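Here is the structure we will look at.
None of the figures in this text is laboratory data; all of them are computed from the coordinates on show. None of these values were measured; they are calculated from a predicted model. Cβ: placed from backbone, ideal geometry, glycine included. Neighbour counts: every protein chain shown.
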Amino acid sequence: MGLGVPTFTDFTYIDTHVHILPPHLHEALVRFFQQHKDEGYWDIIYQDAPPKLISYLLAQRVERFFVLSYAHKPNMSRQLNYWARHLAKRYPQAVPVCAVHPLDDDPLQVLEEAFFELGAIGVKVHPGVQGVSPAAECMFPIYERLIELDRPIFFHAGTTPNPDPYSGHEHFERLVQRYPQLTLVIAHMGTRQTEYFFDLMEAYDNIWMDNALTFSYEKCFGYPSTLDKLYRFQDRIMYGSDFPFLWLEPRVVVERFLAEGLEQAIYEKVFYGNAARFLQRYLPLSNASPQSGASS
């Protein structure tokens, strides 16, 4: 890179998009990606046990990382949430984001336990994997409780790596029209549909994005918009890597993002400052009681 252009080692990172899963689930996903390479998936280069994965991640100048889990079937949410809590107790850098499935036996109880006992700061949902539209009525009680507690929800969104019937922008448009006060984090900047999600960010100031793999320029990921959008929404875009489900090193994606030539202050916000502010707002409710409501 040219003289004066910042590099990967010039920054410290808060990674808001990490999947450190129980080993049996990690192995199952690796197999799934390998078996579906002809459908747009890829070979995952990081296949180690969780301690080694976390050691690698922290060696990449990552100060904190969000542990995102999502339940691909009902009644596995609590298992994933206890796993995230286990990681957070062992690694203080880990920030749990809980799983919930609308068909769990008691999804609201799953939320209560995750927020008030397990230290989760928000919820992760993957519409395509879970087979549920973000605008589906079965999700409404979850949204209403999140609004009551002032907790965010992290969504996979857009049509990458493959389109599915549930993750497109039109579902999110219906969701925010019904629940405009709900805080959303849109993963991958809504890849392939980034412009639609930028339009939603313009209309709703409680919508955020992570940029996981958006600047990889491969595998259907790639930033399609003009740089003025990055300037306009610089306070609501957070760094994410999607580690360890990657076909290339996180630092490679970071350096491709740096090659866009934005002001250094914007990179500092995206890589660290915005997520630090986000974390400060959504401190864990673990030390509160369910009756006390959300912290301010």
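List of remarks:
- Each residue, Glu260 and His36, gets one label point 7 Å from its Cα in the Cβ direction; the gap between the two is 2.7 nm.
- Extension gain for the segment Tyr217 to Ile147, taken as residue separation times 0.36 nm less the Cα-Cα distance, is 21.6 nm to one decimal.
- Its Kirkwood hydrodynamic radius, worked out from the mean inverse distance over all distinct Cα pairs, puts region 1-76 at 14.8 Å.
- Stretch gain in nm, segment Asp43-Cys138, where the contour uses 0.36 nm per residue and the Cα spacing is subtracted: 30.7 nm
- Volume per residue for region 1-133 equals 142 cubic angstrom (convex hull of Cα atoms).
- Candidates Thr160, Thr194, Thr226: whichever shows maximal mean-square fluctuation once the chain is modelled as a Gaussian network with Cα springs under 10 Å: Thr226
- ³J(HN,Hα) computed for each position of region 74-84 - Karplus, 6.51 cos²θ - 1.76 cosθ + 1.60, integer Hz, glycine/proline x: x, 6, 10, 4, 5, 4, 5, 5, 5, 4, 4
- For Leu285, the shell of other residues with beta-carbons less than 13 Å away shows a net charge of -2, using +1 for Lys and Arg and -1 for Asp and Glu.
- Choice from Asp15, Asp38, Asp104 with maximal GNM fluctuation in the chain (Cα, 10 Å cutoff): Asp38
- Top of Gly273, Gly222, Gly261 by mean-square fluctuation, Gaussian network on the chain, Cα under 10 Å: Gly261
- Modelled spin-label separation between Ala28 and Asn75, with each label point placed 7 Å from Cα along the Cα-to-Cβ direction: 1.5 nm.
- With N counted as the residues of the chain, its alpha-carbon radius of gyration over 2.2 N^0.38 Å works out to 0.93.
- Put a dot 7 Å past the Cα of Lys52, heading toward its Cβ, do the same for Asp106, and the two dots end up 4.1 nm apart.
- Residue-count net charge about Val95 - beta-carbon cut-off 10 Å; Lys, Arg +1, Asp, Glu -1: 0
- Sum of -39500 (n - 2.57) over DSSP H runs of 4+, divided by residues of the chain (222 nm, nearest 500): -10500 deg cm²/dmol
- Couplings 3J(HN,Hα) of region 263-270, computed from phi: 5, 4, 4, 5, 4, 4, 5, 5 Hz, in residue order, whole Hz [Karplus 6.51 cos²θ - 1.76 cosθ + 1.60, θ = phi - 60°; x for Gly and Pro].
- Charge tally for Val253 (other residues, Cβ to Cβ under 14 Å; Lys, Arg +1; Asp, Glu -1): -3.
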